Each structure stands twice: as structure tokens, then as C-alpha cells.
Amino acid sequence: MGFFEPIELQIFDHFLRSRPPEPLDNRIAIIEAAAADLAAQRARSETGVGSIADRTLDEVIAKLDQFGAKIIVLDLYRDFASTAEPLSQRFRQTRQLFAICELPNQDNSAGIKPPASEAIPPEQIGFSNFVIDSDGVLRRHLLEMPPSPAHPCQSQQSLSLLVALRYLELERGKRFDYEKLWNTQGDLQIENTLIRRINSYNYGGYQDLDAAGVQLLLNYRQPDRSLRDVVPHFNLEQVRKGEIAPNEFKNKIVLIGVTDPSEAVDYVKTPYGEKIAGVTVHAHLISQILSAILNERSLLWVLPQWGEGVLVVGCSLVGSLLLIWGCNHFKRRSQIYLFGSGGILLGIVVIYVIGLFSIRNGLWIPVWSPISSFLASSSVFLLIPYRSNPCYRRL
């Protein structure tokens, strides 16, 4: 029932927010260019085509390389050549440097090409696209999307997938054969972890879903207060000046991105009621993959469609049996109304609690459809007029 989708998604968001907080993912750190960092850059008369000037970016990458960062990720669109040769040289020398491009979407039909003339290998360039629901909220994680030959971004894999796989390769000391990671159902099998794709347009609370490419539900790392809090954040100027201890970046994935709202155009709405910058979103996406593989953290999954159908029919049957039992055991109309109302309230609470505890274990059970079927079947006797009601004709 498509008209239930907005309600189911709102309940899903509520369930996500109701989970207990998780510890920081210390495999990842973010260097953010906030408003103060960009102002300091302008005060030094450093200019460039991008938000972060070439000289500043060169200095920061050099420090991260010196500090022993495992992977450096540029969440910056650089579809232009560097204005400074030292930065181009730095890009060529930094082996584990990843960058982004953008596949065509509704807002940008042409897409954005990868860094120009920077000698970053194509296998280290991932697309930065997010899949946004009709209400503007990001709830899904896009892993792969075949590019069109006519567009400048030719990356088939998302930035998060490429970075997570490279991190695992460096940790394990071996390379993955990418094609062999996919099973015959189109799901991703990485070591002992099976990452199931969204395989239907009816998926959980979604109805008529566009499941193009390879998508899964986004299991945000649960914050204590803000979604920013799940990984350490450091200001660009602090890193440039050497004010941050090297251990904060050693052996970590370090993302560099812009969080100044006047410069960053990729702020997105989340189920938590807050907007976050794209660089923070990428941290959540990378963390989801790594945590599932290395820490056995649950990915979000749903029942098959027949399982959801059984759940809805079962709730309807329970509601009917509840009222039939009440009709047979109570003699007064007031008692039947009281029992029916109490039973309906208890049933709603039970379904809600099951949904809440299920999502804490990774299972998203749409609860509004079962509640509606339970309400419809259990209320029918209370709504039938007195003279026609089989519950009352025997009183």
C-alpha cells in the first residue's frame, strides 16, 4: 500500500534515533574546511579555483603522508588542473590518495569529471553520488552504478566502497579480485560478510522504489549527540600549522572536505533531523562497510515480501480472535468495549516494541501496515451497530 510509505519512513527514522549510542569509529578522521579555515586562507592571499587553495592542500597532504595516514580521501571536486606544480607532484607521489567525480543526477545532468591532469589512478576515483528519498532524506547507501559512456565520470564504484576495500587490502596484505566479490544474486560477499542489495521496488516500508545500481539501507553509526560525533573532526588550519598530534591520523582513513555551509553544496537531510556535510556522510558510508566486515556490526535488512505478508495477515487474525474471545467471555456491552479498547492498545504497543527491538538487531519491520490490519480486524465488532452486532445479539 503505497500511501503507507511516508508513515513507515517516519517510523523508521524514529526507530533509528531510538537506538543507544555507539563508540567513535577511530579508523576514520575528517579534516574539515570550516568558515574560519577558508577565511584564514583568504587572509594569506591564497586563492585558487577550488574551495581549498592548492598551496594549503599541498601542505596538508604532505603532513598526512608524513604522519602515516593509511588512506587520504579528497572529498573535493577538482575538475580543473592544479594552479601549482607542487600539488600536482604531490598527487603523483601520494600512493593511497583517493578522489571523487559525480555521475549525472537530477540536479546536474552532465555530472562532474574527475580531477584533471592529476595522475590519480582511475581505480582510486569513486563517484560521490547519494540516493535521496522523495522527502529529501538520505536513507540508502549507493555502492555501484554503471556509468554512461557519454558522461565524464566513468567510476562504477562509490567512493565509500573503493576506500573500504583498499583499507581491507592494506589490513590483510592482499588484493581482492573485485569481480569475484559478487555472487550470482548480485550481492557483495567480502570475506565472511554478505552485503545484500535492495532487490525489489517493494522493500521494507518502501513502495515503488527506484533500486537502480547496487543499493542497501544506510545504517548510520549511532551518535551520542550529533552525527558529526561518530568520527574525530579536525580543522584544516590546525593540521596545516602542525597543532594536531600525528597519532590522530596514523594508520587511519583521513577525509578532507568542506563544511562551510556557504561553500559546501552537498549538505543532506538525515533521519536524525539534522543536515550534515557530504564529507561526514562519506565517513558514515565507509564506517558502515568496515564495521560490518571487521566488527560484525549488523547491516539493515528486511523480511522477504511473503514474510511481511504473513506478518500483516497474522496481525489481522490475532485482532479478530481477540474480539471473538472477548465476545464469548464478557456479558456486558461496557465490558466488551473496555476489553476491546484495552486489547487494541496493547496490540499496538506490542507491534511497536517488536519493531523497535528488531531494528536494534538490524531488521527493519514496517509496523504501520501490521498495526492497520490489527486495528481494522479488532475494531470491526466495536463499529458494527448494536442491533446487527453478533457480540450483542446474545446479550
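Laboratory data are not the source of any read-out in this text; all were calculated from the coordinates shown. Because the structure is a prediction, the values reported are computed rather than measured. Cβ: placed from backbone, ideal geometry, glycine included. Neighbour counts: every protein chain shown.
The residues packed around Ser358, meaning those with a beta-carbon under 14 Å from its beta-carbon, carry a net charge of 0 if Lys and Arg are +1 and Asp and Glu are -1. Axis of helix 333-360 versus longest Cα principal axis of the chain: the two differ by about 20°, to the nearest ten degrees. Which label marks the calculated value of semi-axes √(5λ) of the Cα gyration tensor in Å, given the options (1) 49, 35, 17; (2) 51, 21, 18; (3) 45, 29, 20? Identified label for the calculated read-out: (2). From its DSSP helices (H runs of at least four residues, each -39,500 (n - 2.57)), the chain gives a residue-normalised ellipticity at 222 nm of -12500 deg cm²/dmol. Annotation for region 210-229 versus region 42-105: alpha-carbon center distance of 26 Å. For Glu5, the shell of other residues with beta-carbons less than 11 Å away shows a net charge of -4, using +1 for Lys and Arg and -1 for Asp and Glu. If both residues of a DSSP beta bridge must be in the chain, then about 40% of such bridges are antiparallel. Per residue, the convex hull spanned by the Cα atoms of region 179-318 amounts to 188 cubic angstrom.
Alpha-carbon geometry of region 166-232: the Rg and the Dmax are 15.7, 42 Å, given in that order. Taken over region 214-282, the percentage of Cα pairs per 5 Å bin, counting from 0 up to the bin with the maximum distance, is 3, 13, 22, 23, 20, 12, 5, 1, 0.
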